[in-house]
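Comments concern the structure below.
What follows is calculated from the coordinates using simple rules that are stated; it is not laboratory data. These figures come from a predicted structure and were not determined experimentally.
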Amino acid sequence: MAYPADMSSANRSAGFRRPFVRILLASAVAALGLAALGCDGGKAAPSPAPAATDASQASAAAAKPADEVKIMKENWPNGKPKYWNEMRRNTAGKWDKNGLGRAYYDSGVLEREGMYKDGVRVGTWKYFNPDGSLLRTEERGGGMPES
């Protein structure tokens, strides 16, 4: 391989090693991916799926992860964000605001930010002016109904 005269030997050897490292990494990633999927390249017979011993084990295997999170967001007509909320399943199993919630002015500047629990604002909420400066802070407590 011809190298420019001003290229140092360290740079030449680094240039030689890079393709080798890329190939090595790609091979390792592919092997790990096959191992994670349980593929053995067709060398062994497929193992039968374990049978559930009762209905509770079958339903537990089909259950979703405990902290499954969806993001609910909407944009203003100008394309800037309007709101962004973390959604998790409530005790009834329905999706509800649970976690961080943010609302924005139509200019894209943050209007308010805080936490939700089962659709109710909890903890400390910060409210901002349209210029982005802090307007006020509210303590919403643990989400208990206000009396």
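At a glance:
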read-out: Interchain or long-range residues, amide H under 5 Å from Leu100's placed H; value: Glu86, Tyr116
read-out: Gain upon complete extension [Asp131, Leu100; 0.36 nm per residue less C-alpha separation]; value: 9.0 nm
read-out: Residue-by-residue Karplus 3J(HN,Hα) for the range 123-138, coefficients 6.51, -1.76, 1.60, Hz, glycine and proline x; value: x, 8, 10, 10, 10, 10, 6, x, 8, x, 7, 5, 8, 7, 10, 10
